[in-house]
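I have placed the structure first, in the form of structure tokens, so that the comments after it can refer back to it.
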Amino acid sequence: FCDHIGLPLGALYISNTDPAATAVALEHTEQLCSPSHPSEGEKMSCHGKLHSLYVHHIKDSASKRQGNDWVSRLNGCITNATGGMLTSLDISHNGLQEKVAGIVDAIETSCPSLLSLNLAGNDIGFAGAEVVSQFMQYNTRLTDLDVSLNHIQAVGALVLCSVLDDSNALRRLDISFN
């Protein structure tokens, strides 16, 4: 990865790949960017430099374990590799469904600087809309939230819109095609 050639890792893009390759890339990024990454004799760690993470269109896998492994690696990468400096997270079009709750938990505890979150096309439904709205009640920094194409229906849209008064930072909420 970029750290081995001396470039700071500011953004990581993973798109249109299989879950196993995604898990490997996220695991390597987590190891490389975690605060415990050894720096003696090596280039400087990228801990705290990963500001943007884009993981989308991960192809469905026949193996349920592989599908869950990349999501757990994503949670680990969010928790351990960003140093609280992640400002943009795009995990759109992955069909995450109920797995979005664990990801939102990782974001809530590890990403105080997050400004933009794209959850479009993950089939989160009403339950996912509730999770996101609970997260939004206490988040004062997020300015851009995309939950389009998630089958949240009207009731989910209402739940998300109900937190708009509490969130003085949110400037863009995309709830289209639900």
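For region 1-14, state whether one or more residues are of a type outside the set (A, V, I, L, M, F, W, C), open to solvent by less than 20 Å² (accessible area, probe 1.4 Å) and either modelled with pLDDT of 60 or more or more than 23 Å from LEU117 (Cα to Cα) (or both). Within region 1-14, one or more residues are of a type outside the set (A, V, I, L, M, F, W, C), open to solvent by less than 20 Å² (accessible area, probe 1.4 Å) and either modelled with pLDDT of 60 or more or more than 23 Å from LEU117 (Cα to Cα) (or both). Condition test on ALA21, is it at pLDDT below 75 and hydrophobic (A, V, I, L, M, F, W, C)? No; evaluated as a whole, the condition is false for this residue. Residues in region 76-106 that are part of a helix (DSSP H, G or I) and open to solvent by 40 Å² or more (accessible area, probe 1.4 Å): THR79, ASN80, GLN97, GLU98, LYS99, ASP105.
Residues of region 111-129 that are outside any loop (DSSP other than H, G, I, E, B) and surrounded by fewer than 21 Cβ atoms within 10 Å (Cβ to Cβ): SER116, ASN118, GLY125, PHE126, ALA127. Among the residues of region 149-177, what is the count of those that are more than 19 Å from THR109 (Cβ to Cβ), in a loop (DSSP other than H, G, I, E, B) and open to solvent by 10 Å² or more (accessible area, probe 1.4 Å)? Residues that pass the stated criteria total 12.
The values are calculated or read from the model by the stated rules, or taken from the named source; none is laboratory data. Note that the structure is predicted; figures quoted are calculated from it, not measured. With ideal geometry, Cβ positions are generated from the backbone for all residues, glycine too; neighbour counts draw on all protein chains shown. Calculation scope for accessible area: heavy atoms of the full protein, side chains included, ligands and nucleic acids excluded. Shrake-Rupley method; radii C 1.70, N 1.55, O 1.52, S 1.80 Å.
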